[in-house]
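Colleague: Before anything else, here's the structure in question.
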Amino acid sequence: MVKLNPNRVPLSRQKPEERKRNFDEVALGYSSAEAIAEATRCIQCPKPQCVPGCPAGIDIPGFILAIREDDPARAAQVLKDRNNLPGVCGRVCPQETQCEIGCVVGKKGTPVAIGALERFAADWELAHGLMKPQVAPPSGKGVAVVGSGPAGLTAAADLARMGHRVSLYEALHLPGGVLVYGIPQFRLPKEIVAAEVDYICSLGVEVRTDWVVGRTVTVDE
């Protein structure tokens, strides 16, 4: 029987003397070996307490098991079943007060690094090609989503996966809302947000920037 490591695998970061000279991401993420080692700390609870803490209801033990079995593609697929923005959420979602706070391993040591593992799977998918999920047949209905922040992007993606024709309206010149204009590059790289937006567009969502609903067009229009 393998003894459980009570301490999480440390997440690599830029050294202070390096990061003070750039605006690149500070946290560097897990390597494949580090991710597998951290995923091995998950005890695959029969009644996981992490899942109720996740607003998206992700199958957390499921995607972590896939990483443990060295199958990051399956891990990314499990994530995408419930979350259209895993690259973003793996970086800026407050896991420590949501899913990780319920982790059973955390009762005897540090919780499993759920957020860092989510980031690992999302970054692996980005590096190897985004996987497009199954989309329902066209419903014949159109939906306008106003605002392309996290909520607007998620709603647009979910509606598109249901088969609806979706137009996403953004007042500013780049989609992403607070992800682009409110979070600094060293915390959430703009390239990650752009990749998530590209994935959502691949589902059939039309993004219209520089459109102020009520001014550029009226609601009726």
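The values are calculated or read from the model by the stated rules, or taken from the named source; none is laboratory data. This is a predicted model, so every value here is computed, not measured. No Cβ is skipped: glycine too gets one built from the backbone with ideal geometry, and neighbour counts run over all protein chains shown. Just so you know, the surface numbers come from the protein's heavy atoms only, side chains and all, with ligands and any DNA or RNA stripped out. Shrake-Rupley method; radii C 1.70, N 1.55, O 1.52, S 1.80 Å.
Colleague: Which length gain, in nm to one decimal place, applies between ASP158 and THR97 when the Cα-Cα distance is subtracted from 0.36 nm times their residue separation?
Modeller: Between ASP158 and THR97, full extension yields an extra 19.4 nm.
Colleague: Working out 0.36 nm times the residue gap between LEU4 and LEU28, then minus their Cα-Cα distance, what length gain in nm do you get to one decimal?
Modeller: Fully extending the segment from LEU4 to LEU28 adds 6.1 nm.
Colleague: Compare MET162, MET131 by solvent-accessible area with a 1.4 Å probe and give them largest first, with all protein chains kept in place. It would help to have the intermediate numbers written out before the result.
Modeller: Numbers: MET162 110, MET131 70 Å².
Listed by decreasing accessible area, they come as MET162, MET131.
Colleague: Then there is this: Hey, got the dipole for the chain? About the Cα centre, +1 on K and R Cβ, -1 on D and E Cβ, debye to the nearest 20?
Modeller: 600
Colleague: If you add up the charges near PRO133, with Lys and Arg at +1 and Asp and Glu at -1, over every other residue whose beta carbon is less than 9 angstrom from its beta carbon, what do you get?
Modeller: +2
Colleague: The chain: longest stretch without exposed trypsin sites (Lys or Arg not before Pro) (DSSP loop, at most 14 other Cβ within 10 Å), sites themselves excluded?
Modeller: Longest run free of exposed loop sites: 22-107.
Colleague: Give, in whole angstrom and from largest to smallest, the semi-axes √(5λ) of the equivalent ellipsoid of the chain, with λ running over the eigenvalues of the Cα gyration tensor.
Modeller: With the √(5λ) rule applied to the chain, the semi-axes are 33, 21, 15 Å.
Colleague: Just order 169-179, 49-59 by mean Cβ neighbour count inside 10 Å, highest at the front, would you?
Modeller: 169-179, 49-59
Colleague: Here's something else I'd like to know. Work out, in µm²/s and without decimals, the Stokes-Einstein translational diffusion coefficient of segment 11-62 at 20 °C, 1.002 mPa s, Rh from Kirkwood over C-alpha pairs.
Modeller: 156
Colleague: Carbon and sulfur together cover what percent of the accessible area of segment 52-199 at a 1.4 Å probe radius?
Modeller: 59
Colleague: Here's another thing I want to ask about it. State, as an integer percentage, the relative contact order of the chain based on alpha-carbon contacts under 8 Å between residues 6 or more apart. Spell out each step's value before the answer.
Modeller: Working: 362 pairs, mean separation 42.2, N = 221.
Averaging sequence separation for qualifying contacts and normalising by length gives 19 percent for the chain.
Colleague: Oh, and also: So if I restrict to the alpha-carbon atoms in segment 1-122, what is the Rg, and what is Dmax, the biggest pairwise distance, in Å?
Modeller: When restricted to the Cα atoms of segment 1-122, Rg and Dmax are 14.2, 47 Å.
Colleague: Averaged over every viewing direction, what's the projected area of the C-alpha convex hull for segment 162-221? Give it in nm², one decimal, please.
Modeller: Values: hull surface 19.3 nm².
Mean projected area for segment 162-221: 4.8 nm², to one decimal.
Colleague: Would you mind calculating the relative contact order of segment 1-111 from Cα pairs under 8 angstrom and at least 6 residues apart, reporting the percent as a whole number?
Modeller: 29 percent.
Colleague: CYS45 to SER167: extension gain in nm, 0.36 nm per residue of separation minus the Cα-Cα distance?
Modeller: So the extension gain works out to 39.8 nm.
Colleague: While we're on this one: Please compute one quarter of the surface area of the Cα convex hull for segment 90-221 and express it in square nanometres.
Modeller: Working: hull surface 39.7 nm².
Averaged projected hull area, Cα only: 9.9 nm².
Colleague: Something else now. For the pair LYS108 and ARG208, what calculated FRET efficiency results from E = 1/(1 + (r/R0)^6), where r is the Cβ-Cβ distance and R0 = 45 Å, to the nearest 0.05?
Modeller: 0.30
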